[in-house]
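Heads up: the structure comes next, in structure tokens.
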Amino acid sequence: MMQPANPGAKLVQPVHTFDTAGLADYLKKEIGDPARDFAVEQFQGGQSNPTYRVTTAEHCYVLRRKPDGVLLPSAHAVDREYRVMSALAATGVPVPKTYALCEDAAVIGTAFYLMEYVDGRILWDPTLPGMTPADRKAYYDELNRVLATLHSVDYQAIGLADFGKPGQYIARQIARWSKQYKSGTADPIPAMDRLIEWLPQHIPLSDETTIVHGDFRIDNVIFHSREPRILAVLDWELATLGHPLSDFAYQMMAWRLAPGEFRGLKGFDLAALGIPTEAEQVSAYCRRTGRGEIPHWEFFLIFNMFRIAAILHGVLSRALQGNAASQNAIENGSRAQLVANVAWNVAQAIT
């Protein structure tokens, strides 16, 4: 039952191989799939957890697994991805159907989970080339709607009361990513060291708790093949209980960063493209979540630039050790310094 690959999500021969015979046996014993005409292909992308399409005569799955090698503490949490997607299945947040989580590394070499293969479109370029201005506006509005929907979910009602610690999310995240950054083996970044000092001194006093995705951006969702409708939100590895404005500001970083820095929109004529401005997206989110203005908006942007720079620094560290999931991990990881510099410049401008 072969299905076409998601346009924009390139399938390649497995770069990060694993025990496929062990997987075939698992499908037979745990899922009841005879695994006839069994095949495995790896998706490009997925800086953290290697991702594969697994096809049989009966089904088409996506497999996400932990990478090989020595891993940073609390990273590559495939079990958390599986849990949050399973819990959100009964809400208005579009997620893939989950099939099984296997934490026994003996089966294929590392922990993994299986979910459905969702047929649709993954859009890698945030300028959405080839679309009309009206289409671009609709796609960005859908992104805004889905994230606002996630932040409106009652996490206790769906069994995620213990999915994280409520309150003080920003402070804990600053400490976490500072530690992750310092534990990386890539060269240190002066702007990161300055931000590690600056951020704890400027945390807003107001606090909120919702489910946060942690990596919500346009290429982490699957759109319908013909409509501006999100069929599935992907890559839930960083999901937890946290501050919704931090989650929203992460998506909005794109308006402050150039393409050479991190999948950015800075420098493009947004009006001509039909892409909402930063102010318009913020206004739409506030309307959907019942807010007025967002105090300390710049802080949330700075924090998220710091966080992505720490993540990219980790990607570079793993790439230099030969453990990163993507073939272009060194190039992407090297952008950590560019993003950190932008964050520090914004911090200096508001203090």
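Only the coordinates and a few stated rules stand behind these numbers; no lab work does. Worth saying up front: this structure is predicted, and the values here are computed from it rather than measured. Neighbour counts run over all protein chains shown; Cβ positions are idealised from the backbone, glycine included.
Observations
- Estimated 222 nm signal from helices in the chain, with DSSP H stretches of n ≥ 4 weighted -39500 (n - 2.57), rounded to 500: -11500 deg cm²/dmol
- Out of every Cα-Cα pair that the range 54-212 contains, those further apart than 20 angstrom amount to 69 percent.
- Gain upon complete extension [Ala39, Asp269; 0.36 nm per residue less C-alpha separation]: 78.4 nm
- Lysine-lysine proximity count for the chain, Cα under 25 Å, sequence distance 8 or more or distinct chains: 13
- Comparing Lys165, Lys266, Lys29 in a Gaussian network model of the chain, where Cα atoms under 10 Å apart are tied by springs, the biggest mean-square fluctuation is seen for Lys29.
- Take the Cα of His202, step 7 Å toward its Cβ, do the same at Ser183, and the gap between the two points is 2.7 nm.
- Virtual spin-label span in nm between Ala100 and Lys28, 7 Å along Cα→Cβ: 1.2
- Cα-based Rg of the range 80-174 normalised by 2.2 N^0.38 Å, two decimals: 1.39
- Over the chain: Kirkwood hydrodynamic radius from C-alpha pairwise inverse distances, Å: 20.9
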